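The structure under discussion appears below in the form of structure tokens.
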Amino acid sequence: MPQLIDAFARKFYYLRLSVTDVCNFRCTYCLPNGYRPHGSNNNSFLSLDEIWRLTHAFADLGTEKVRLTGGEPSLRRDFCDIIAAVRSHTQISTLAVTTNGYRLERDIASWREAGLTALNVSVDSLDSRQFKLITGQDKFRQVMAGIDAAFAAGFSQVKVNTVLMRNINDIHLDGFLAWIKTRPIQLRFIELMETGDGGELFRSRHVSGEVLRRQLIPMGWQLQPRGRTDGPAQVFRHPDYQGEIGLIMPYAKDFCAGCNRLRVSAMGDLHLCLFGEDGIPLRDLLADDDGLEQLKARISGGLQLKKQTHFLHQGNTGATPNLSFIGG
Ligand code: SAM
Ligand code: SF4
């Protein structure tokens with residue numbers, strides 16, 4: 001099986017594919033003023049056929065795991081068809097979605113039937129009022145019911161993404177731990193990342209995941225080994241809890257050394273890093289099946305340009321105005 005390997009011998013098994021920029025939430029750290037179409041993005045997002053061809057090329061190049069993200073991916077009316085199209089490539093054994101949870105309760109059973117194998121839901125607070133303040137949507141109960149519906153539909157674990165923010169949710173670790181005591185939820189605290197639009201929030205709210213790690217270890221939480229296609233989370237388990245804790249610390253030393261993912265935006269540009277510069281356009285090769293070999297060559301050739309690390313420490317957030325733009 002051909003492999004995607006970069007100049008630093010990192011192997012890439014994992015594609016994060018944004019299927020739309022559009023979002024119906026207004027998370028303070030992402031789209032505080034709501035979704036606005038980008039100047040250059042007036043064209044439509046990748047079609048179902050284009051997504052099938054794109055993931056065909058990645059599957060041929062050794063991709064085993066795909067995550068559908070956005071914007072809010074479940075706003076696509078053809079979302080079930082997208083799931084089925086990606087899973088039609090048998091090499092892709094893991095297909096995940098990251099969602100704000102707004103459509104979960106209604107649709108999760110049909111997503112699973114179409115071939116979805118893993119689910120991440122974003123929940124930044126377990127307090128419905130605070131949830132509304134952060135997301136701009138009064139949907140806490142709906143999202144919680146969606147998580148229950150995912151278990152009922154047969155998912156044995158649900159991952160929950162929580163963006164860690166100073167004096168907003170870092171002070172509620174006890175409540176989060178109580179929530180996962182009897183639920184098989186992997187609760188992943190993601191350090192707030194600085195984006196082009198989010199400098200001020202970053203300066204006032206960023207807190208290191210290290211602060212949580214220092215509380216978890218004395219409580220008996222133990223760090224687990226990392227699997228090949230796993231994301232960058234440090235995962236902790238505790239014998240008294242059904243749930244797990246994940247810490248995602250993009251500012252930690254050597255974070256980029258374990259990078260195993262590539263990204264494609266909803267407009268079909270290959271992004272080598274969430275915080276890199278402009279993407280490499282692939283869309284011109286997605287119009288028909290004849291472009292497959294050229295597409296694979298452009299993807300593996302482009303990968304050689306991937307830098308060793310991001311430059312967030314120098315305050316350089318790349319060309320990313322917010323994470324909905326190329327899919328967080
Ligand atoms: N709309 C979906 C959702 O919110 O789950 C998928 C797209 S969203 C951009 C993907 C993930 O990125 C979410 O878990 C969100 O919390 C996270 N995210 C967005 N902006 C972020 C930031 N500035 N720092 C850290 N995480 C961020
Ligand atoms: Fe929308 Fe997700 Fe960004 Fe929140 S984090 S505004 S739900 S894309």
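Just so it is clear, none of the values below were taken in a lab; they were calculated from the coordinates. Just so it is clear, the structure is predicted and the values come from calculations on it, not from any experiment.
In this structure the amide hydrogen of Arg263, modeled in the peptide plane, comes within under 5 Å of the amide hydrogens of Arg16, His271, none closer than 5 places in sequence on its chain. In the chain, the calculated helix contribution to ellipticity at 222 nm averages -8000 deg cm²/dmol per residue, counting -39,500 (n - 2.57) for every DSSP H run with n ≥ 4.
Could you work out the per residue convex hull volume over the alpha carbons of region 34-83, in cubic angstrom? Write down the numbers at each step before the final one.
Details: hull volume 5.0 nm³, N = 50.
Expressed per residue, the convex hull around the Cα atoms of region 34-83 is 100 Å³.
Computed from backbone phi, the HN-Hα couplings of region 138-155 come to 8, 10, 4, 4, 4, 5, 4, 5, x, 5, 4, 5, 5, 5, 5, 7, x, 6 Hz, rounded to whole numbers (Karplus: 6.51 cos²θ - 1.76 cosθ + 1.60, θ = phi - 60°; Gly and Pro given as x).
Rg/Rh for region 1-134 stands at 1.00; both radii use Cα atoms, and Rh follows the Kirkwood definition. With all pairs of separate Cα atoms included, region 125-240 yields a Kirkwood hydrodynamic radius of 15.8 Å. The alpha carbon convex hull volume per residue for region 4-314 rounds to 131 Å³.
Rounded to the nearest 5, the antiparallel percentage of DSSP beta bridges internal to region 4-314 is 25%.
Contour minus end-to-end for Asn33 and Asp174, with contour as 0.36 nm per residue of separation and end-to-end as the Cα-Cα distance?
Numbers: separation 141, 0.36 × 141 = 50.76 nm, distance 3.13 nm.
Going from the current span to full extension adds 47.6 nm.
Counting only lysines at least 8 places from Lys296 when in the same chain, those with an alpha carbon closer than 28 Å to its own are Lys11, Lys65, Lys306, Lys307. Here the scattering of region 89-143 is modelled by Debye summation over its C-alpha atoms, one equal scatterer each and no solvent; at q = 0.13, 0.15, 0.20, 0.22 Å⁻¹ the log10 of I(q)/I(0) is -0.40, -0.50, -0.73, -0.82.
May I ask for the Kirkwood hydrodynamic radius of region 173-291, worked out over all distinct Cα pairs and given in angstroms to one decimal? Value: 16.9 Å, from the Cα pair sum.
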